[in-house]
Amino acid sequence: MKKKKALITGITGQDGSYLTEYLLDKGYEVHGLVRRAAIEDPAHRMSRIYHLLDRLNLHSGLIENYASMYNVVARVKPDEFYHLAAQSFVAESFEDAFSTLHINIFGTLNALSALKELTSDCRFYFAGSSEMFGKAKKSPQNEKTPFYPRSPYGISKVAGFDLTRNYREAYGMFAVTGILFNHESPRRGFEFVTRKITSHAAKIKLGLAKTLTLGNLDARRDWGHSYEYIQQMYAMLQLEEPEDMVIATGETHSVREFCELAFSELGLNWEDYVHVDEKFRRPSEVELLVGDASCAREKLGWKPKIRFKDLVREMVLADYERLKKELSIERGII
Ligand code: G4F
């Protein structure tokens, strides 16, 4: 049987790397669209997929450039397209709203438009976000909850959601949005609060740092594991009918609770090390997110297995072991 072809944007990121492994295991031919700079410096910029490079097909280009997108879609003619690439750091979207909106909105429009022109049977997944709910009027949030984005990033994701729905309704394409709540792992970028906490807690334990400075400790998020979430992206594209869906654990915890747990895993009291600085607060904050994933539970059989406590433990221990190894190499012990 002919191998199915998947094209992934954002393949070098946390979700992209797990999804690539998952699809390769399923026998897919996997293609990725990456920036030229990543191909020039694979050890650093492609560290999450470095171990997979000989099993992948990478194409250089920019998602925000229609010609790049058109060319790669024409070359690959994918069966499934996972559009994960974005400027995904909410705080940065306040600093540079123009780039965020440009990359995120045109990236999605370019992908949908190229697919419509070249291979409209391809199934399309758009990485939506719980940030679209923003200052939500009700909790928990589900597919019927009105959007109230609180950042340029959130606004760009609402636009991507609407574009995806419009291509589905106007052209009959199988195009869906996964409204994923926060999902983390040891592969998470260091700028996000969870990884910032786990990497600093590990550094403090090893004597490599003294303090950790954060912003709003009261913000609450519904945190799940990336590896479980990418499986739901795949499952959404295997349904008979296209449908947008919330993926979440249904539990919410504060940044403070995350700190408490992460530090205590390493035998530390977080209050001795964590400071607050206003500069890490956002001009407009999303205070509380918690998802109602009953639709995914019913249609995909979704049930999170990795709980909050296990997620925090996995992340903090991974950072501790990584830094310990780096230290030993530096000191010539191994
Ligand atoms: O980890 P965060 O930066 O993630 P945020 O803003 O919730 O967004 C993430 O999840 C979304 C899904 O809902 C994705 F769409 C998005 O791409 C991204 O992956 O911040 C979480 C919370 C915020 O309320 C923030 O204000 O932590 C608070 N926080 C407090 N101190 C901090 C810090 N966040 C960061 N990054 N750094 C801090 O020092």
Checklist line | the range 35-67, residues that are among the β-branched types (Val, Ile, Thr) and in a loop (DSSP other than H, G, I, E, B) | finding: Ile49, Ile63
Item checked: Members of the range 93-134 found to be without any contact (Cβ under 8 Å) to a residue 40 or more places away in the chain and either assigned to a helix (DSSP H, G or I) or more than 16 Å from the ligand (Cβ to nearest atom) (or both), listed by number -> Glu95, Phe98, Ser99, His102
Check: Are any residues in the range 229-256 free of Cβ contacts under 8 Å to residues at least 40 places away in the same chain, out of contact with any Lys or Arg (no Cβ under 6 Å at 6 or more places or on another chain) and outside any loop (DSSP other than H, G, I, E, B), and if so, which ones?
Finding: Arg256
Next item on the list: Taking the residues in the range 254-313 that are of a type in the set (Gly, Ala, Ser) and within 20 Å of Pro186 (Cα to Cα) as candidates, determine which candidate is surrounded by the fewest Cβ atoms within 10 Å (Cβ to Cβ).
Entry: Gly267
Checklist line | Residue list for the range 216-228, restricted to those being part of a helix (DSSP H, G or I) and either of a type in the set (S, T, N, Q) or farther than 15 Å from Gly301 by Cα (or both) | finding: Ser226, Tyr227
Check: Before we move on, is Thr20 part of a loop (DSSP other than H, G, I, E, B) and of a type in the set (Ser, Thr, Tyr)?
Finding: no
Item checked: Identity of the residue in the range 128-160, among the hydrophobic types (A, V, I, L, M, F, W, C), touching a strand residue (DSSP E or B) at 6+ places or on another chain (Cβ under 9 Å) and surrounded by fewer than 24 Cβ atoms within 10 Å (Cβ to Cβ), that ends up nearest to Ala248 (Cα to Cα) -> Ala136
Margin query: As an exercise: evaluate Thr145 against (1) within 16 Å of the ligand (Cβ to nearest atom); (2) part of a helix (DSSP H, G or I) and give the number of the one condition it does not meet.
Written below: (2)
Next item on the list: Scan the range 257-291 for residues that are assigned to a loop (DSSP other than H, G, I, E, B), out of contact with any strand residue (DSSP E or B) (no Cβ under 8 Å at 6 or more places or on another chain) and in contact (Cβ under 8 Å) with a residue 12 or more places away in the chain and jot them down.
Entry: Leu266, Gly267, Leu268, Arg281, Arg282, Pro283, Ser284, Glu285, Val286
Next item on the list: Could you list, in sequence order, all residues of the range 53-77 that are under 23 Å from Met236 (Cβ atoms) and out of contact with any His (no Cβ under 7 Å at 6 or more places or on another chain)?
Entry: Leu56, Ile63, Met69, Val73, Lys77
Next item on the list: For Ala67, work out the one condition from (1) touching a residue at least 24 places away in the same chain (Cβ under 8 Å); (2) surrounded by fewer than 24 Cβ atoms within 10 Å (Cβ to Cβ); (3) over 30 Å from Glu287 (Cβ atoms); (4) among the aliphatic types (A, V, I, L, M) it doesn't fulfil.
Entry: (1)
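Can you spot a residue in the range 79-87 that is closer than 18 Å to Tyr171 by Cβ, within 15 Å of the ligand (Cβ to nearest atom) and not in a loop (DSSP other than H, G, I, E, B)?
Checked the range 79-87: at least one residue is closer than 18 Å to Tyr171 by Cβ, within 15 Å of the ligand (Cβ to nearest atom) and not in a loop (DSSP other than H, G, I, E, B).
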Check: Just checking, how many residues over the range 45-57 are aliphatic (A, V, I, L, M) and out of contact with any Pro (no Cβ under 9 Å at 6 or more places or on another chain)?
Finding: 3
Notebook entry, point to check: Which of the residues belonging to the range 170-183 are touching a residue at least 60 places away in the same chain (Cβ under 8 Å), more than 8 Å from the ligand (Cβ to nearest atom) and not polar (S, T, N, Q)?
Noted result: Met173, Phe174, Ala175, Val176, Gly178, Ile179
Notebook entry, point to check: Restricting attention to the range 190-225, which residues are more than 10 Å from the ligand (Cβ to nearest atom) and either among the polar types (S, T, N, Q) or modelled with pLDDT under 95 (or both)?
Noted result: Thr198, Ser199, Thr211
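The values are calculated or read from the model by the stated rules, or taken from the named source; none is laboratory data. Please read all numbers here as calculations on a predicted model, not as lab measurements. Positions of Cβ are generated from backbone atoms using ideal geometry, with glycine treated the same way; all protein chains shown enter the neighbour counts.
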